[in-house]
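Engineer: Here it is: the structure, laid out below.
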Amino acid sequence: MRTILTCLLASALVANLGWAEGSLPPREIRAPDGAHTLEIGIGVRVADSGGSNLVTLANNLEGVQHVDAKWSPDSHFVVVVISYTRGSGVEAAYMDGSGWHKALQSDTDLPVDELARQAGASGRLVAQQCRLGDWLDSRRITVNGELVFSGQKKVGYGYTLVFTGEPGHLDPGGFEEGVIKGIGYHLR
C-alpha cells in the first residue's frame with residue numbers, strides 16, 4: 001500500500017514549504033565498540049571515530065518529528081526510524097567487507113490490509129508511526145508501531161526487522177532495498 005509513502009512525501013512537502021515545527025536537537029549515538037558514531041543533526045550519517053563521513057542516511061531533517069536509532073550489539077548495523085507527522089520510514093546502515101552501505105525497508109512490507117482486518121478496523125489509513133524495540137541478536141531487532149485509520153481507530157502492531165544477508169537492488173536514492181525486511185507482523 002502506497003499510503004505510507006504518500007504520507008511521508010506529504011510531510012516532506014509541508015516541511016519544505018516552511019510549515020513544519022522547529023528542528024531536532026543534534027545528538028550522537030556511539031556504536032558499542034566505540035569505532036563509529038551515528039550523528040543526528042541537520043541530517044543523519046554514520047561517521048568514524050575521527051568524524052569522517054562513511055554513509056549518509058538523510059541529508060535534511062526538516063519537518064521530522066522524531067528520530068529513533070539503535071546500534072546492533074556487534075556495531076556492524078544501525079537501524080534508524082525517521083518519523084514525520086503522519087508516517088515513519090525505516091532505514092539502516094551496515095558494514096560488510098566492502099565498507100558501509102545504506103538500506104531502506106520497503107513500504108510494501110507492512111501488511112496494512114491484513115492488520116486492519118485482524119483488528120476489525122475499516123476506513124483508509126491516515127497515519128502510521130513506529131519505534132524500535134530491542135535487538136534479538138546482531139541481525140534482528142523488534143519494531144512496534146501504530147496504524148491510525150479514518151474514524152480514529154488505532155491498531156497497535158509489532159514485527160521483527162531482519163538483515164537478510166541477501167543482495168539488494170539500488171533505488172534512485174542509493175538505498176539498497178531487500179537487505180532489510182519485516183517478518184512476523186502481529187497485533188499488539
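Engineer: Where the accessible area of the chain is counted over protein heavy atoms with a 1.4 Å probe, how much of it, in %, is carbon and sulfur?
Structural biologist: Here carbon and sulfur together make up 52 percent of the probe-accessible area.
Engineer: Could you tell me which of rounded, prolate or oblate describes segment 19-123, using a ≥ b ≥ c as the square roots of the eigenvalues of the alpha-carbon gyration tensor, with rounded for a/c under 1.5 and, failing that, prolate when a/b is larger than b/c and oblate otherwise?
Structural biologist: oblate
Engineer: Right, here's the next one. Just tell me which lysines come within less than 21 Å, Cα to Cα, of K181; anything on the same chain fewer than 8 places away is out.
Structural biologist: K70, K102
Engineer: So with the 1.4 Å probe, I'd like the accessible area per residue for the chain, rounded to whole Å².
Structural biologist: 50
Engineer: If you don't mind, another one. Just how large is the dipole of segment 80-188 about the Cα centre, in debye to the nearest 20, putting +1 at every Lys and Arg Cβ and -1 at every Asp and Glu Cβ?
Structural biologist: 560
Engineer: On full extension of the chain, what length is gained from D33 through A47, given 0.36 nm per residue of separation minus the C-alpha to C-alpha distance?
Structural biologist: Stretched fully, the D33-A47 segment lengthens by 3.7 nm.
Engineer: Contour minus end-to-end for T142 and T160, with contour as 0.36 nm per residue of separation and end-to-end as the Cα-Cα distance?
Structural biologist: On the way: separation 18, 0.36 × 18 = 6.48 nm, distance 0.45 nm.
Gain on extension, T142 to T160, equals 6.0 nm.
Engineer: By how many degrees, between 0 and 90 and to the nearest 10, does the Cα long axis of helix 3-16 differ from the longest principal axis of the chain?
Structural biologist: 70
The values are calculated or read from the model by the stated rules, or taken from the named source; none is laboratory data. Fair warning: this is a prediction, and the values are worked out from it, not measured in the lab. So basically every Cβ, Gly included, is an ideal-geometry build from the backbone, and we count neighbours across all protein chains shown. What goes into the accessible areas is simple: the full protein's heavy atoms, side chains included, and nothing from ligands, DNA or RNA. Shrake-Rupley method; radii C 1.70, N 1.55, O 1.52, S 1.80 Å.
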